[in-house]
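Read through the structure below, which is laid out as structure tokens, and then see the notes.
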């Protein structure tokens, strides 16, 4: 959190901030989330800063914050509230594919599930998948069959893959699967479902 600190006597100041849920964003919580004060002082007219520690904010939150300077033990007035939202840079997946296959049918009970992973910050990603019974195919079961995550990471723009282990699928099943990438501990969105049999 950054703010310019100014003191009429040109004293150096610390910067204090308060971060809370935006009252206009219902359903995500309310009230103060975190407050803190800089360890350093900043010369009058310069930009001071305070970092919110890890674990305090969540992706998607809408927030507001305010700041005040303290010089010579005297607190200045709080600034007006300023709003912001947390939108983490997330990886994505595309071009889902099952291999080996023939005409949309997997030709093994341990197929590889492939997807291109892309990260806006060029981080390497793991690939996670979920395989479940196709809801349109009644009489063979329902719900999740297997989920897994790659042991390896894949560079942004490359094709990642996860293989379904033995004993999870049966011949003739109609299935669907989806994938998502994770980079830097941040999960991307799940892809739309893709069917195979």
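The values are calculated or read from the model by the stated rules, or taken from the named source; none is laboratory data. These numbers come from a predicted model, not from an experiment. A quick note on method: Cβ atoms are made from the backbone with ideal geometry, for glycine too, and the neighbour counts reach across all protein chains shown.
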### Query
Can you name every residue in the range 126-156 that is in contact (Cβ under 8 Å) with a residue 60 or more places away in the chain and within 15 Å of residue 184 (Cα to Cα)?
156
### Query
So residue 71 fits all but one of (1) buried (at least 18 other Cβ atoms within 10 Å of the Cβ); (2) modelled with pLDDT of 95 or more; (3) more than 30 Å from residue 12 (Cβ to Cβ); (4) more than 23 Å from the chain's Cα centre (by Cα); what number is the exception?
(3)
### Message
Looking at 16, 38 in this structure, which one is assigned by TED's automatic domain parsing to the domain that holds residue 66, crowded, with 16+ Cβ neighbours inside 10 Å and without any contact (Cβ under 8 Å) to a residue 40 or more places away in the chain?
### Response
38
### Query
Is the range 44-56 home to any residue that is surrounded by 12 or more Cβ atoms within 10 Å (Cβ to Cβ), without any contact (Cβ under 8 Å) to a residue 24 or more places away in the chain and not in a loop (DSSP other than H, G, I, E, B)?
no
### Task
Quickly run through the range 6-35 and pick out the residues that are part of a strand (DSSP E or B) and out of contact with any strand residue (DSSP E or B) (no Cβ under 6 Å at 6 or more places or on another chain).
21
### Message
Quick check on my filter: what residues within the range 173-197 are in contact with a strand residue (DSSP E or B) (Cβ under 9 Å, 6 or more places away or on another chain), assigned to a loop (DSSP other than H, G, I, E, B) and without any contact (Cβ under 8 Å) to a residue 60 or more places away in the chain?
### Response
173, 174, 192, 193
### Task
Restrict the check to the range 90-106 and report whether at least one residue is within 15 Å of the chain's Cα centre (by Cα), over 17 Å from residue 191 (Cβ atoms) and surrounded by fewer than 11 Cβ atoms within 10 Å (Cβ to Cβ).
no
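One line per residue, one yes/no per condition, for (1) in contact with a helix residue (DSSP H, G or I) (Cβ under 8 Å, 6 or more places away or on another chain); (2) under 30 Å from residue 183 (Cα atoms); (3) modelled with pLDDT under 95; (4) outside the structural domain of residue 15 (by TED's automatic domain parsing):
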site	(1), (2), (3), (4)
42	no, no, no, no
67	no, no, no, no
106	no, yes, yes, yes
121	no, yes, yes, yes
142	no, no, yes, yes
